[in-house]
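I have a structure here, written as structure tokens, and I will follow up with some questions on it.
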Amino acid sequence: MDEIISVGLDIGSSTTKLVISRLYLENVARFGGMPRVQVVQRTVFHQSRMFQTPLRTPDEVDIPAIQELLAAEYAVAGIVPTDVGSGAVIITGETATRTNAKAVVASLAERAGAFVVATAGPDLEGILAGRGARAAQWSEDTRRTVVNVDIGGGTANLAVFTNGVVVGTCTLHIGGKMLIWDETTQRVTRIAEPFQRYLDRLGLPVPLGTELTDALLHELTAPVRDTLIRCIRKQMNDTDRLLLLGHEPNWPDDVQDVMLSGGVPASLEEQVLAFTDFGRPLAEALVTAPELLAKNVRVAENAGRATVIGAGVQSIEVSGATVYLTPEELPLKNIPVLPCSLAGFTLEESEEQLLTYLESVVSNALLPAPWALYVSDLPARMSFAKITRLAGALASLSGWEVIAMEEDLGLVLGQSIAALRTGQTLICLDQVELGHGDYIDVGAPLESGVVPLVVKTLVFPSETQREERGVLR
């Protein structure tokens, strides 16, 4: 059994937090089979307090302050950077839109080693929060449709799961920092622009300096609560859409259960006598709403820390003789994996039918491109005609940078795709096993012809069944 120290760092709109864990990895593959590593045990031995996300200006993250925070927490935990074997840094919320968000990612990636470092767009942020809050697990255990509503400082990210699988997302400009007031005078000092437009449409203008009475606060909270409820029901009106960030609710089934996570619902657990932003009143309105009580609304355990706690890491050497790649494009780092099962397909279907199916998988996955498409459950007998049809569909599919599979077909499939996609990047790997939540690094071929591959899998708190099944495949 191997032991590694793994770090999870979440840099959000309002808060930044860090978790350090020991992950115990074990190869559970059968004798002679491909390596298959599971996280068989996880121990969190350090959790930071929640820090206010450091900003140099309203539009710029303070990178040196983030680096100092990381170093200070390492010191408290009694570790140094060389002790860390893996990790995950996720930049979420409005922080992901700061002018130097890419520089933050690059800086942390240089210092982090074998880390997953990703800027999470609204959809991915909602999915990660839903997994971290165990809404996905709740859905899988009960075979019901569960929405996780993760409300932070700047946004509310909704992710809907049916039978444990994400089926839709939506993001709203709703968060604790949409309205801020002075603790002493109770007068408004900041109001977010989307919220101002929303209130103007409702005929509830709130100029800066307005004194917030309990009655006015209730008058402002109630419509925001109702907008969230209508979003969950997919019944948004034109006024609600003023708070929409991106696409409308897109899940196919009615939501049966509601989970709340993020800093806003977490504020209900804080013993504070005074609060100066919109978070606490909004959380109270949501957990007492009859419409949500009817849907078994609950606040996630440790709601403010519903985030990744690190990443398991597996290094693999793939034979260069059986894969197809354009080495000038290597190395690649932090490519998210999109699993695609072809179970039920014979590959006698037309290219158009295969492409339609592949496009539906991509549409439902909600992963930012580029990604690695992991094709599984291919027919037992793969004739050249079947390979050609699959290659034609893959060549027409946009968004992928890597094709991977378990079967020993990487070279011939890659050659077939290359004939149709001349002059484009093409990496086709085989004899690997990947899954949901994996990221991969593909190194440049070594002199021996071997292609180094690193598989990194996000690890979430409280996913006990996932730990038992293993998160590295």
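Every number here is computed from the coordinates shown, using simple stated rules; none is lab data. It should be emphasised that the depicted structure is a prediction, and the values quoted were computed from it without experimental measurement. Backbone-built Cβ (ideal geometry, glycine too); neighbour counts: all protein chains shown.
Quick one: what are the phi-derived ³J(HN,Hα) couplings along the stretch 224-241, Karplus 6.51/-1.76/1.60 with θ = phi - 60°, whole Hz, x for glycine and proline?
Each residue's phi maps through the Karplus curve to give 5, 4, 5, 4, 4, 5, 5, 5, 4, 7, 6, 10, 5, 9, 4, 5, 4, 5 Hz.
Just how many % of Cα pairs in the stretch 320-449 lie over 23 Å apart, if you round to the nearest whole percent?
On the way: 2087 of 8385 pairs.
For the stretch 320-449, the share of Cα pairs beyond 23 Å comes to 25 percent.
In what sequence, highest mean first, do 432-444, 210-222 appear when ranked by Cβ atoms within 10 angstrom?
On the way: 432-444: 21.2, 210-222: 14.0.
Answer by packing, highest mean first, reads 432-444, 210-222.
Treat each spin label as a single point 7 Å out from the Cα along the C-beta direction, and report the N163 to R144 distance in nm.
1.8
Could you order the peptides 164-173, 251-260 from most to least packed, using the average number of other C-beta atoms within 10 Å per residue?
Working: 164-173: 21.3, 251-260: 18.9.
So the peptides 164-173, 251-260, ranked by packing, come out 164-173, 251-260.
Turning to a different aspect of this structure: In terms of modelled amide H atoms, which long-range or inter-chain residues lie less than 5 Å from the amide H of L338?
A372, L373, Y374
Sticking with this structure for a sec: From the phi angles alone, apply the Karplus equation (6.51, -1.76, 1.60; θ = phi - 60°) to the stretch 346-352 and give each ³J(HN,Hα) in whole Hz, x where the residue is Gly or Pro.
9, 6, 8, 5, 6, 4, 5
Calculate, for L420 and D182, the FRET efficiency according to 1/(1 + (r/R0)^6) with r their C-beta to C-beta distance and R0 56 Å; round to the nearest 0.05.
Values: r = 63 Å, r/R0 = 1.13.
Once rounded, the FRET efficiency stands at 0.35.
Just the number: Rg to Rh for the stretch 370-445, Cα atoms, Kirkwood Rh, two decimals.
Values: Rg = 12.0 Å, Rh = 12.8 Å.
We get a ratio of 0.93 for the stretch 370-445.
Okay, moving on. Please report Rg (one decimal) and Dmax (integer) in Å for the Cα set of the stretch 134-305.
15.8, 50
Ordered by packing density, taken as the mean number of other Cβ atoms within 10 Å over each peptide's residues, highest first, how do 141-150, 393-402 rank? Write down the numbers at each step before the final one.
On the way: 141-150: 22.5, 393-402: 18.5.
For the peptides 141-150, 393-402, the packing ranking is 141-150, 393-402.
Would you pull out the residues with amide H under 5 Å of E407's amide H, same chain only if 5 or more places away, H placed 1.01 Å from N?
Under 5 Å from the amide H of E407 lie the amide H atoms of Q431, each far enough along the sequence or on another chain.
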